[in-house]
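In what follows, a single structure is set out as C-alpha cells and then discussed.
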Amino acid sequence: MPSKGEIWLEANECAARIGLSKRALRLYEEHGLIRPRRTEKGWRLYGADEIARLHEILALKRLGLSLQRITALLQGRATDLAGILAIQHDLLAEQRERAEQGLALVRAARAKLATGTSLTTDELIKLAKEANMTENTTDTVAWRRYEQARPRTQTKIDPRRFERCTGFYRHPAGLVMTVSLEGDRFFLQLTGQPKVELFAESDSIFFLRVVPAQLTFTPGDDGRVDVLILHQGGHDSVAPRIDEAEAKRLGNELGERVRNRTPDPRSEATLRELLEQQQRGSMPFELLSDELAELVREQQPIVSAELESKGGLQSLGFRRVGEDGVDIYEAQFAEGSLQCGIGFGQDGRVHTLWMLPA
C-alpha cells in the first residue's frame, strides 16, 4: 500500500490531468517505462515518481524519439528529471530566440513592403531560412546531449583487446588525440590538455568520468581501428587515425607556433568580426563549426548584453598561442577589457571561441 501523506492518482485521473489516454499509460507500462503501484484490489496508482518518469517520456517524444528508442534509453535507469528539464529549458529558450528573430525579420519586411519597395533576393532567402521554424537539428542535439549525460556502467575487458585502439587520431579542431594503454588502464589525451582515464562499456565503446562524453572506436576491414568518434555536447566528432610521424609533425608545428608566438593569419580579423557582430546582437554562424554554433546560440543573449555594456571595441592585441593551439588576444573596449581565445579546425571554420575578464 502507498504511504500516507503522498498524493496518488488513479489511472483515469492521472491520464486526464496530464493529457494522455489510459491506453498510453498501459503502453508505457508494457514497455517497462513506468511501474505504477497497485491497491489491494489491483487498481493502478500513480505518484510523484511515476509522474516524473511520464514527464521524461513525453519530453523525449517531443524531441522526435520513437517509443522503441525511448525504451532503449530509459529502461532500467533512474528518472533524471533535472537532466530532462535542463534540455527542455535549452530548447524552449532557443525556440523563443528564433521566434523573436523571425518576428523581427517579418516586421522589417512588412515595413519595407508598406513603402512600396520590393524585397531583394537576399532578403527573401533570409526570410525563407530564418523566419521558418521547421528544422529539427536542435532537437536532435538535445536528445543526444541527454543520452550522453546518462550514467554509464563500466565493463571489465581484456586490456589486450584495447591494443587495436591505441595510437593517434586527428580531431576536426586540429587537435591530436592520443589513446594509450598503461598496464590494464586506458587513457586519452588531447593536445594541450591533461591525460584522462577511459572506462569500458564494451570492447569498442568507452566513457569519461571527468565530463559527460563517450568514445566509439570503429574498426576497418582489417580489424584495426581506423576511426575514433567522440560523443560530447550533443555532437559526434569523427577523428581518423594518423600515424606517429603525422602526430609528431602536428605537435612540432604547434610547438613552433607557441614558442614563436605566431598567430593564425585569420584569427585577428575573424575575432574582430565576431565581437563586433555579437555586440549588435547578430552572429555570422557560417564561420563557426556546428558544435560551436549550437553553444553560441544558447549563450548569445547573455554575451551580446555583456559586450554591448562595454562600449565600442577600441583595440585587439595578440598575446600568445595557447598549448592547445588557440590564439589568445586582449580586447580593449571603451568600458573595460576581455581576454579572448579563437581557434580554427581543419575545415577552416572556428572550432574554439571563448571570452574571460582580462
So who's got an amide H within less than 5 Å of the one on Arg319, skipping anything under 5 residues away but keeping other chains? H placed 1.01 Å off N, in plane.
-> Ile328, Tyr329, Glu330
Rounded to the nearest 0.05, what FRET efficiency is calculated for Glu163 and Gln68 with R0 set to 25 Å and r the Cβ-Cβ distance?
-> 0.10
Expressed as a whole percent, how much of the Cα-Cα distance distribution for the chain exceeds 29 Å?
-> 57 percent
Rank by packing, highest mean first: peptides 160-168, 230-238, 104-112, with packing defined as the count of other Cβ atoms within 10 Å averaged across residues.
-> 230-238, 160-168, 104-112
Please work out how much length the chain gains when fully extended from Ala78 to Glu306, using 0.36 nm per residue of separation minus the C-alpha to C-alpha distance, in nm with one decimal.
-> 78.2 nm
Calculate the translational D of the range 159-257 in whole µm² s⁻¹ from Stokes-Einstein, where the hydrodynamic radius comes from the Kirkwood formula applied to all Cα pairs, the temperature is 25 °C and the viscosity 0.890 mPa s.
-> 179 µm²/s
Residue-span extension gain [Gln193 to Thr115] - 0.36 nm each, minus C-alpha spacing | 22.4 nm
Taking each full run of DSSP H in the chain as one helix, which ones are at least 30 Å long along their axis (Cα atoms) and have mean Kyte-Doolittle hydropathy of at least 0.0?
-> 81-114
Near the amide H of Ile242, under 5 Å away, which other amide H atoms are found, from residues 5 or more places off or on another chain, if H is placed in the peptide plane?
-> Phe168, Tyr169, Arg170
Förster radius 35 Å - calculated FRET efficiency between Glu268 and Ser180, Cβ distance, rounded to 0.05 | 0.45
Rg over Rh, two decimals, the range 243-321 (C-alpha only, Kirkwood Rh) = 1.09
Inverse of mean 1/r across different Cα pairs in the range 20-60, Kirkwood, Å = 10.6 Å
Helix-derived [θ] at 222 nm for the chain: sum -39500 (n - 2.57) over DSSP H runs of at least 4, divide by residue count, nearest 500?
-> -13500 deg cm²/dmol
Whole Å is fine, so just give me how far the alpha carbon centre of the range 34-78 lies from that of the range 266-332.
-> 43 Å
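Coordinate-derived values only; no laboratory data. If you're wondering where the values come from, they're calculated on a predicted model, not measured in any experiment. Note that we place each Cβ from the backbone using ideal geometry, even for glycine, and neighbour counts take in every protein chain shown.
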